[in-house]
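Read through the structure below, which is laid out as structure tokens, and then see the notes.
Please treat every number below as a calculation from the coordinates, not as lab data. Just so it is clear, the model here is predicted, and its values are computed rather than measured. Quick reminder, even Gly has a Cβ in these numbers, built from the backbone with ideal geometry, and neighbours come from all protein chains shown.
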Amino acid sequence: MAMLKMRLPCLTYILMLLVGLPLPAMAANIYKFSDANGNVLFTNIINEHKKPRGENFKQYNTLEKVTWFADTNVHKYGNWGNSEFAVSPSFSKNRDAFDQLIKHAALAQNIDHGLIKAIIHTESGFNPRAHSKPGAQGLMQLMPSTAGMYGVIDAYNPNENITAGARHIKYLIDRYKSLELALAAYNSGEGNVKKYGGIPPFAETRDYVKRVMSRYRNLYGGSSTAVASLSPART
């Protein structure tokens with residue numbers, strides 16, 4: 001049997017995963033790379049070219065496998081963009097297309113429609129056919145298990161998707177009494193918020209919370225009074 005060689009920093013990451021310790025700038029995937037000599041590298045940190053990050057790992061240029069880290073349902077969105085105003089050009093025309101559905105769902109749940117719109121902006125960029133690798137679907141990127149909780153038949157149907165997403169974020173707000181924690185749970189799951197006693201140390205989740213909060217305040221009329229009415233999140 002060929003021996004698998006691992007660099008110490010990579011082995012450290014694997015051990016941290018096994019014992020449940022938080023990882024810096026944690027990603028949702030574990031990547032397996034190899035070099036020309038058959039050495040193997042496991043890492044959760046890659047650069048914009050989908051190669052291992054770090055000068056010491058340049059030789060690991062063959063991607064062999066990507067494994068979804070089961071501890072989190074975090075999904076990363078290309079729509080985050082370089083600014084709070086970023087929306088995929090292909091779907092910018094949809095920015096106001098779902099306003100009536102959003103307002104109806106918000107009224108039914110007694111929450112601000114601007115919050116739902118900020119979530120949709122960040123989740124899908126107003127693309128009703130959006131689909132993430134872990135399986136999140138539609139405008140509010142419902143995971144299949146979440147969609148099932150609210151009786152959704154077609155997660156790509158804007159009305160069903162927005163109605164269920166609004167119900168879920170309302171449930172999370174009522175549970176945590178903190179908008180930031182509710183958003184963190186919406187993105188990474190309630191289990192991770194409980195596990196880490198606050199917003200999980202996942203780069204994706206922390207960025208997600210910041211993006212939604214900023215868009216809510218700056219683009220969709222989120223009042224300081226409405227935001228302040230919820231207790232601050234523990235980070």
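As a rough guide to protection, the peptides 94-100, 123-129 ranked by mean Cβ packing within 10 Å, highest first, stand as 123-129, 94-100. Taking other Cβ within 10 Å of each residue's Cβ, how do S90, S34, S188, S214 sort, fewest first? Ascending number of Cβ neighbours within 10 Å: S90, S214, S34, S188.
Less than 29 Å apart at the alpha-carbon level, and either on another chain or at least 8 residues along: which lysines does that give for K58? Partners found: K5, K32, K50, K76, K133.
The lysines within cross-link reach of K194, meaning a Cα-to-Cα straight distance under 19 Å and a gap of 8 or more places when in the same chain, are K170, K177.
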